[in-house]
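Reading through the structure tokens given below for one structure.
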Amino acid sequence: MSAVRRPARAASASTRREAQRGIYVEVEALIAGLAAALIAVVFAVIAFGGMSVPIWTDWEWGHWSIGMVSVSAVVVLGTVAAGIGYWRSRRLRGQEWRLELPSWKFMLDAVVVAIVHTALGALATAVLLFVVQLAFRRLTIDPVSASIGCAVVTGLAAYMLYLAVSRLNTVSLSQRMFLFVGVGLLTAMATSTDPVWWRYQISVLGAYGNRPSISFNAILIVAGILVTTFALYVDRDIRNLHAARVIRYRLAAPMVSILFIAMGVALAGIGLVPVNVSVMAHNVFAIGLSAIFGILMLISPIALRGMPLPFFLATLGSLVLLSGATWLFYGPGLLPLTNYELIAFGVLFAWITMFVRFLAAMLATRGADAALAQPVREPRATTETVRVDHDASGTDVRADVDAEVDAAAEGEADAESPSPQPHIMPLPGDVPPRPPLPNPHDTGLRR
């Protein structure tokens, strides 16, 4: 087999292995979903106790609903499924970098990713069942159907969570972070016991001490943890771009990742210390978050030198918008506090989304350039050459036969090449000429 065929066959074998691993991930996610469904149906049968239950109701211990059982099962079983899926997928293509992490950092990353995805799954489950209850008002479901419904919802959530953490990258993590924070804040606003909370500030949503306030603070804490973990992915992408000679400075990766960690700590601190606990500490975390984000945008033209010009122009626009909103709030007071906080949150997460998408696009461009830069070797034509020599007496002697035949090419020529190369055999020079063809009008009769 020629050397030209070996890289192609090796690449084909690698592609088959990657496809096989993808099938394994699907099978494992299906098994995780089925196991979670079986456990959830047993829990639901015990919790309902043979009574008809509503789809959604207020959280009161002893008064179960399909929503309460499903969310509780998703929180426990979804965390287990996401953790196992994240650990099992560390050898998939594009996820091998997890193997290079220290053990403590990998465990911390796995726990945080599992918790964040489970929180997102539980929130989506609660919102879905709450909307379904609004569609079927005053409806109660028999215990058998309710238990089956809990099993279906929990199994589907575990299946999707397992798949979600298996192929995780910077862009997908940023999208889920933005989705989690956006849906979580809207849910907290919609379920707040104070219908005019917007007259004060967003932080007042976590100051009432009830369930909506607890969920609001929990969303901020989980979002802060997610931003802290997000620093690992940003650090890896910037290091890869620096190794590819796109980002100029080597200190860009640790500098940006440290600022992301500081923003995550400040965001989590806003939820850990609500305004009803300590106004001063709460404001320190809130102002610190804005200040750290401003520093990140200010140093980005220097630290991230090598990024495209549109990225820096968008960063400048974001900085101008944030600075203008800050001046309108602290200066003439034309901007209400709630509006200022919404603008700051919007600019923060919009810039993070834009930043990671630029990183992903640049990494993809560098990968395509590297693939195009590799030399392409053309396959040699399959020929069989016969050389005829003459001895001293004039007798034709077949002296050497140089047969270079690719066995793999003979079997795969029809599948890979629409026009296979013909076999060439040059004729000796002393072969007599071919006799002329007979005349078809000549009957052979002579007068």
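The values are calculated or read from the model by the stated rules, or taken from the named source; none is laboratory data. Bear in mind the structure is a predicted one, so any value in this text is a computation, not a measurement. Positions of Cβ are backbone-derived with ideal geometry, glycine not excepted, and every protein chain shown enters the neighbour counts. Quick note on the areas: whole protein, heavy atoms, side chains included, nothing else; ligands and nucleic acids left out. Shrake-Rupley method; radii C 1.70, N 1.55, O 1.52, S 1.80 Å.
Here are some notes:
- Exactly one residue among Leu298, Leu251, Leu241 is farther than 19 Å from Met177 by Cβ, touching a strand residue (DSSP E or B) at 6+ places or on another chain (Cβ under 9 Å) and modelled with pLDDT of 85 or more, and that residue is Leu241.
- Taken as a whole, segment 194-203 holds no residue that is at pLDDT 85 or above, within 27 Å of Ile55 (Cα to Cα) and in contact with a helix residue (DSSP H, G or I) (Cβ under 9 Å, 6 or more places away or on another chain).
- Test: residue in segment 292-313 that is part of a helix (DSSP H, G or I) and within 30 Å of Gly209 (Cβ to Cβ): yes
- Members of segment 194-208 found to be surrounded by 12 or more Cβ atoms within 10 Å (Cβ to Cβ) and in a loop (DSSP other than H, G, I, E, B), listed by number: Asp194, Tyr200, Gln201, Ala207, Tyr208
- Looking across Gly78, Gly83, one residue alone is more than 27 Å from Leu139 (Cα to Cα), in contact with a Ser or Thr (Cβ under 6 Å, 6 or more places away or on another chain) and not aliphatic (A, V, I, L, M). It is Gly78.
- Some residue of segment 322-337 being surrounded by 15 or more Cβ atoms within 10 Å (Cβ to Cβ) and within 30 Å of the chain's Cα centre (by Cα): yes
- A Cβ distance below 8 Å, combined with a sequence gap of six or more or placement on separate chains, defines the contacts here; from segment 351-366, residues that are under 21 Å from Ser318 (Cα atoms) reach residues that are open to solvent by less than 50 Å² (accessible area, probe 1.4 Å) and of a type in the set (Gly, Ala, Ser) in the pairs Trp351/Ala314; Trp351/Ser318; Ile352/Ser174; Thr353/Ser174; Met354/Ala314; Val356/Ser174; Arg357/Ser174.
- Scanning segment 158-185 for residues that are open to solvent by 70 Å² or more (accessible area, probe 1.4 Å) and modelled with pLDDT of 85 or more gives a single hit, Met160.
- Any hit, segment 259-271, residues being open to solvent by 10 Å² or more (accessible area, probe 1.4 Å), assigned to a helix (DSSP H, G or I) and farther than 20 Å from Phe178 by Cα: no
- Taking segment 73-106 as the range and being acidic (Asp, Glu) and over 15 Å from Asn169 (Cβ atoms) as the test, only Glu100 passes.
- Among the candidates Ala244, Ala218, Ala190, Ala253, residue that is surrounded by fewer than 19 Cβ atoms within 10 Å (Cβ to Cβ), of a type in the set (Gly, Ala, Ser) and free of Cβ contacts under 8 Å to residues at least 24 places away in the same chain: Ala190
- The residues of segment 48-88 that are surrounded by fewer than 22 Cβ atoms within 10 Å (Cβ to Cβ) and assigned to a helix (DSSP H, G or I), listed by number, are Phe48, Ser72, Val75, Val76, Thr79, Val80, Gly83, Ile84, Trp87, Arg88.
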